[in-house]
Amino acid sequence: MDEVNSEVLFKKGAEASLFLGNWHGKRVVIKRRLSKKYRPDKLDLAIRTYRTVHEPQLMHEAKVAGVPTPAVFMVDVQTSTIIMEFIEGYQVKRALDGFSQSERHKVCFKIGSLIGKLHLHDLIHGDLTTSNMILTSYSNVFFLDFGLGEKSSELEARGVDLHLLKRALESTHFKVAEECFQSVLQGYREVVGAVAAEELLEKIREIERRGRYVTERKNS
Amino acid sequence: MSTQEPKERYCLGIESTADDFGVGISTFSGQILANISDCYVPAEGGIHPREAARHHACVAEIVLKEAFTQSGIKPKDLSLIAFSQGPGLGPCLRTGATVARALASYLGVPLVGVNHSVGHIEIGKLQTGAKDPLTLYVSGGNTLVTAFSFGRYRVFGETLDIALGNCLDVFGREVGLKHKKGVPLGAAVEQLAQRGKELVLLPYVVKGMDLSLSGLLTAAVTLFQKGECTLEDLCYSLQETAFSMVTEITERALAHTEKKELLLTGGVAANKRLQAMLKSVADEHNATFNSVPLKFATDNGAMIAWTGILAFTHGLVTPVERSFVRLRWRVDKVDVPWMK
């Protein structure tokens, strides 16, 4: 870790703190999963270790699937630290509301197609929100924060993944949520095909009906 | 009575979504004059909706009378009747709604239906002084993280299956703990957990800002049946794991919404360990931690009365013909014009 210099905290997330630094002449992000005082040490260590090990693995597999993620330079399990490439761009969360409808469609369609690629490779992101996506100047979208991700070929896991994105859109961008989610689905459908997309949509509806106090739920 | 100002207006609120039948009386300025409730205790198993409703019908008169006695006002002094219109158990909701309709019609005052979850948030704000909090509402039927945004309380995180209180209660029942009046099973689990020493790793399932507790419950019950760990250690591990998950999603929502107040409410808010965990997270994010006093954190009539006042003074009324109960009335479907 001594090779890193000029560390500056630039984002204190819920789960990890992100520092900007310089590593062998490269501008890097240092992601540290800090110990949480509220939970017992044994659980704390298990969670941090699991996520620190799995996140870079899933980021690598995402690249294989054709989904841009930052390059990982180093992993230190002892300190739950990941050193990765700094991606120049804007959080989709910040950019989305200021966009025109056609720009929104373009970005959301892109996001949908990237999620499709992940799912085709049995990769579940686990925390799809617009805060975890970076829009670069050349209209590419990088996915971040795979800490809650998993490898799964189950329809249920893919359904929850997209359900979470839908919910994140509704709570954060509620004015354009429906429109954005439709664009995401179009992009998704183009990658996975109409049949798989429809199957997933039905699964999302089932997950939503299962939720608490949903009017659409069948009367038993 | 003689000290009351002549112009003060009063609202009576009726709560009957689940096992509690509660009546609260509040002044329009937010002074709670009465808050009485009676809890249905099943002989065995969980809440049977029809039996709970029967209980509510039996105790309604006594609870109402007691509320009037405690408040020192008379029925004719009331300006408004509020009732919890949902979400909750159908037969229980209908019993409360029937009492409310009858009172409003008899007294010739307006009726207003209140969303139960909104009621929890509003009474929590009134009692703690929080203005625009991120709320964690955890009870036998609800586990949700919500905050005001654009006209409504939006849901940022929630359970994908069972509620936190339900998880603790069912575990308590499965391991043979007995439900006593005034002591929920969750409280019995909390007491045992304090004597637990060894943490057993159990399924920890956080998905984005949502969580899932059913796998955790199954795993804990299975371990108990195998008899490999002590009950104290299992209660401790179950609590630590479930509360860590709830705390993690709350922290995520706090970082995401950047709210500066955290409000903890619902029946499980009584748990000291959960309070400590959430306070730690609030401190970390420079947010104030507001825990709702128990009598206003569990289901109660006062929260319905107060929220009814907020709704009524912002132009909302519920005519009797539209006062049907709403079993599945999500908090994010309710407009809250009193928040800006």
Taking R0 as 22 Å, what's the FRET efficiency between A:ARG205 and B:ARG328 from their Cβ-Cβ distance, rounded to 0.05? 0.90
Taking N as the number of residues in the stretch B:132-296, the ratio of its alpha carbon radius of gyration to 2.2 N^0.38 Å works out to 1.01
Amide H contacts under 5 Å for B:LYS207, restricted to residues at least 5 apart in sequence or on another chain and with H modeled in the peptide plane, are B:SER212
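Please label the shape of the stretch A:4-85 as rounded, prolate or oblate, based on the square roots a ≥ b ≥ c of the eigenvalues of the alpha-carbon gyration tensor (a/c under 1.5 means rounded; beyond that, a/b larger than b/c means prolate, else oblate).
Values: a/c = 2.11, a/b = 1.23, b/c = 1.71.
Here the stretch A:4-85 falls in the oblate category.
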For chain A, the Debye formula with one identical point scatterer on each Cα and no solvent gives log10 I(q)/I(0) at q = 0.09, 0.12, 0.13 Å⁻¹ as -0.39, -0.69, -0.80
Averaged per residue, the 1.4 Å probe accessible area of the stretch B:132-296, protein heavy atoms only, in Å², is roughly 36 Å²
A:GLU154 and A:ASP41 label points (each 7 Å along its Cα→Cβ direction) are spaced in nm at 3.4 nm
How much accessible surface does B:TYR236 have with a 1.4 Å probe, in Å² rounded to 10? 50 Å²
Distance from the Cα centre of the stretch B:208-272 to that of the stretch A:25-84, in angstrom? 24 Å
Across peptide B:253-261, what mean number of C-beta atoms from other chains lies inside 10 Å of a residue's C-beta? 2
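Please pull out the direction-averaged projected area of the stretch A:90-210, using the convex hull of its alpha-carbon atoms, in nm² to one decimal place. Please report the intermediate quantities before stating the final value.
On the way: hull surface 27.6 nm².
One quarter of the hull surface, i.e. the mean projection, equals 6.9 nm².
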Going 7 Å from the Cα of A:GLU103 toward and past its Cβ, which residues in the stretch A:120-137 have a backbone nitrogen under 18 Å from where you end up? A:130-131, A:133-137
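Peptide A:14-24: average number of partner chain Cβ atoms within 10 Å per residue? Intermediate results must be reported in sequence, preceding the final value.
On the way: counts 14, 5, 0, 0, 0, 0, 0, 0, 0, 0, 0.
Shielding by partners across A:14-24 averages 2.
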Quick calc: nm separation of the 7 Å Cα→Cβ label points for A:SER139 and A:HIS60 -> 3.3 nm
For the stretch A:90-210, which whole-number percentage of the solvent-accessible area (1.4 Å probe, protein heavy atoms only) is attributable to carbon and sulfur atoms? 50 percent
If you average the C-alpha positions of the stretch A:89-159 and of the stretch B:107-171 separately, how far apart do those two centres end up, in angstrom? 30 Å
Take chain B, drop everything but the C-alpha atoms, weight them equally and run the Debye formula without solvent; then report log10 I(q)/I(0) at 0.10 Å⁻¹ to two decimals. -0.58
Cα-projected label distance for A:GLU85 with B:VAL320, points at 7 Å along beta-carbon direction, nm: 7.1 nm
Relative to the compact-globule estimate 2.2 N^0.38 Å (N residues), the Cα gyration radius of the protein assembly as shown stands at a ratio of 1.02
Please compute, for peptide B:201-208, the average count of beta-carbon atoms on other protein chains lying within 10 Å of each residue's beta-carbon. 5
For the pair B:GLU44 and A:ASP122, what calculated FRET efficiency results from E = 1/(1 + (r/R0)^6), where r is the Cβ-Cβ distance and R0 = 35 Å, to the nearest 0.05? 0.20
What does the highest-first list of A:105-113, A:169-177 look like by mean Cβ count within 10 Å? A:105-113, A:169-177
Size of the stretch B:17-161 as Cα extents on the principal axes (Å, biggest first): 42, 41, 23
Would you mind calculating the gained length between B:GLN194 and B:GLU258 on full extension (0.36 nm times residue separation, minus the Cα-Cα distance), in nm to one decimal? 19.7 nm
Label point at A:ARG27 placed 7 Å out along Cα→Cβ; residues across the stretch A:69-85 whose backbone nitrogen lies under 19 Å: A:69-74, A:83-85
Grab the Cα-Cα distance for B:LYS65 and B:ARG101, subtract it from 0.36 nm times how many residues apart they are, and report the gain in nm with one decimal. 11.3 nm
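Among the listed pairs A:LYS37/A:LYS117; A:LYS31/A:LYS151; A:LYS12/B:LYS340; A:LYS42/B:LYS272, give every one whose C-alpha distance is greater than 32 Å. Please report the intermediate quantities before stating the final value.
Details: A:LYS37/A:LYS117 37 Å; A:LYS31/A:LYS151 22 Å; A:LYS12/B:LYS340 28 Å; A:LYS42/B:LYS272 21 Å.
Check vs 32 Å cut-off fails for A:LYS37/A:LYS117.
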Mind ordering B:249-257, B:60-68 by average Cβ neighbours within 10 Å, highest first? B:249-257, B:60-68
Taking all protein chains in place and a 1.4 Å probe, what share, in percent, of the accessible surface of the stretch B:132-296 do carbon and sulfur account for? 53 percent
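The values are calculated or read from the model by the stated rules, or taken from the named source; none is laboratory data. Computed from a predicted model, the values in this text were never measured in an experiment. Here Cβ is always computed from backbone atoms with ideal geometry, including for glycine, and neighbour counts include all displayed protein chains. Each accessible area value is taken on the protein alone, full model and side chains, heavy atoms only, with ligands, DNA and RNA left out. Shrake-Rupley method; radii C 1.70, N 1.55, O 1.52, S 1.80 Å.
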